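Below: the structure, in structure tokens.
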Ligand SMILES: Cc1cc2nc3c(=O)[nH]c(=O)nc-3n(C[C@H](O)[C@H](O)[C@H](O)COP(=O)(O)OP(=O)(O)OC[C@H]3O[C@@H](n4cnc5c(N)ncnc54)[C@H](O)[C@@H]3O)c2cc1C
């Protein structure tokens, strides 16, 4: 039986909310998680949205943080069903003419990456491989940055550190002031490699033409490149394992229940109202919902200072991190013409199709960010059933992919319906140009899931999976805004634990983990965290 009073209440059972709840309960606080959907996980989700038996990860697909995510070891998620595969060929791009594909491999197979890039340029191959090797060696630093409260490091100091690690590879301290695109262009001469890196950079969170994010390409994007794992059974197995961990710790979970308001008394958060019932929280309330919903809708401007209300009003969502997910039920996996040059392209974990080259990718991204539908029908695609037979019926394959699309509010409902009715057909034409077996006959059924639908389903405002634009004034110690950068709010006992807070979107559970650290400090909890790994 659900109680009405807990020490802690977490709003939302996204993976960050689940992470925070598990640590809170383990630290001795009775904890309730309230989730509006019928299942836990939020963006950590797998469905059969097109045909029964064909699984698609409609949101998160690439699991790049599993090696550093503390919750996996701390709560034994592998014993609770979490299993992964790490394909050898990780990221590739194919072109509609006879140009060779580029295939980037796992960090332990960099000689194959070298051979692939060297078909275009030996100096690019040398530089990419050495950059990747050094970025991989920064893993402990990346993990410590992710799983700690954000710290302000002046750009000049970041530049000096960057040059000290990568200086002999052409990286200078001034890169920190540049855009990721300028950095990619300075480092690599091959337009085909640039095309793949542009696409990957935007997908993995760094807006390509935002000044001041140049270091993010060299460290973070290069660290994540080719580090991707597949959750066997679908990404949802992570949410399932985290949910089981919560149950095992003693957390209560209440599904199908949207929180309508956060109760504030004398400037302090004391509980939530959901479906007309009050649930009291004696120590704290934490929100996995986005910033504006949390502060403006659930708390309400009456309980906020004018500064905080205006900060929340001004917080921007998209155009970064806005994707459309395209899902395909296939007889055969795509067989690329370019496999005659490099057979690895047919078993590549992430394959970019439909672009002619770097300029085409740039135009496409500018269109999406500018609120226009891209002229080019191109996508980053994957076929998980190549490695995990549970994801499609025997002798069939489930392919999925992402378009960059304008944020949800840029188009009307009718316009989004039109996109759903037409864009997949255009992609199929592009796909067939590079993989001749991608004919209509090879497709049993397909479906496109657009940003307006993501907004409705998970309350991901604008379809922005990071719950807030990545721009210089909304990242690091400025996320979501400087006064709220450490997960605390001006309402005593109210914390943020979703990606509107640092470090933002992605399946790393860092927002939940760091929120726990802030809470543990405030409540003088015996922290089960820091002792073991130092972060
Ligand atoms: C198309 C797409 C592709 C992505 N690909 C990747 C990828 O490959 N790799 C990667 O690492 N990340 C990826 N992401 C990002 C990742 O999925 C998200 O950043 C992450 O899932 C956010 O997790 P969260 O737990 O903070 O929030 P969410 O997953 O958004 O969960 C928030 C939860 O709160 C609930 N909620 C909201 N309001 C209320 C309320 N009032 N009452 C009760 N419950 C409420 C929601 O229903 C939801 O369950 C992708 C996202 C999208 C959309």
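In terms of the Cα gyration tensor, with a ≥ b ≥ c the square roots of its eigenvalues, is segment 191-309 rounded because a/c is under 1.5, prolate because a/b exceeds b/c, or oblate?
Note, shape of segment 191-309 comes out oblate.
Helix 191-203: angle to the longest alpha-carbon principal axis of the chain, degrees 0 to 90, nearest 10?
20 degrees
If you fit an axis through the alpha-carbon atoms of helix 510-522 and take the longest principal axis of the Cα set of the chain, what angle between them do you get, 0 to 90°, nearest 10?
Long axis of 510-522 versus the principal axis of the chain: about 30 degrees.
Could you state the angle between the C-alpha long axis of helix 413-434 and the longest principal axis of the C-alpha atoms of the chain, as a value from 0 to 90 degrees rounded to the nearest 10?
40 degrees
Suppose a student asked you for the relative contact order of the chain, using Cα pairs under 8 Å spaced at least 6 residues apart; what percent would you report?
Relative contact order of the chain: 23 percent.
If you count, for each residue, the other Cβ atoms within 10 Å and average over each peptide, how do 303-310, 94-101, 461-468 line up from highest to lowest? Each step should come with its number before you reach the end.
Values: 303-310: 15.1, 94-101: 17.8, 461-468: 26.2.
Per-residue Cβ counts within 10 Å, averaged per peptide and sorted highest first, yield 461-468, 94-101, 303-310.
Is the C-alpha gyration tensor of segment 146-244 telling us rounded, prolate or oblate? Criteria: a/c under 1.5 is rounded; beyond that, a/b larger than b/c is prolate, otherwise oblate.
Cα axes put segment 146-244 in the oblate bin.
Can you give me the relative contact order of segment 114-225 as a percent, contacts being Cα pairs under 8 Å and 6 or more apart?
30 percent
Run the quick spin-label model on residue 185 and residue 421: label points 7 Å from Cα toward the beta carbon, then report their separation in nm to one decimal.
About 4.0 nm separates the two model spin labels.
Once you place label points 7 Å from the Cα toward the Cβ at residue 247 and residue 307, how far apart are they in nm?
Reported label-point gap for residue 247 and residue 307 is 4.6 nm.
Applying 1/(1 + (r/R0)^6) with R0 = 56 Å to the Cβ-Cβ distance of residue 523 and residue 439, what FRET efficiency is obtained, to the nearest 0.05?
Once the sixth-power term is evaluated, E becomes 0.40.
Where Rh is the Kirkwood radius over the Cα pairs of segment 435-528, the temperature 37 °C and the viscosity 0.692 mPa s, what D in µm²/s does Stokes-Einstein return? The partial results should precede the final answer.
Values: Rh = 15.7 Å.
The Stokes-Einstein estimate is 209 µm²/s.
Can you give the % of DSSP beta bridges in the chain that are antiparallel, to the nearest 5?
Details: 40 of 62 bridges.
Antiparallel bridges: around 65 percent, rounded to the nearest 5.
Rounded, prolate or oblate: pick one for segment 326-395, where a ≥ b ≥ c are the square roots of the eigenvalues of its C-alpha gyration tensor, a/c under 1.5 means rounded, and failing that, prolate if a/b is larger than b/c, else oblate.
Judged from the Cα gyration tensor, segment 326-395 comes out oblate (a/c at least 1.5, b/c at or above a/b).
Each reported figure results from applying straightforward, stated rules to the coordinates on display, with no laboratory input. The structure displayed is predicted, hence computed values, not measured ones. Don't worry about glycine lacking a Cβ; one is built from the backbone with ideal geometry, like all the others, and counts go over all protein chains shown.
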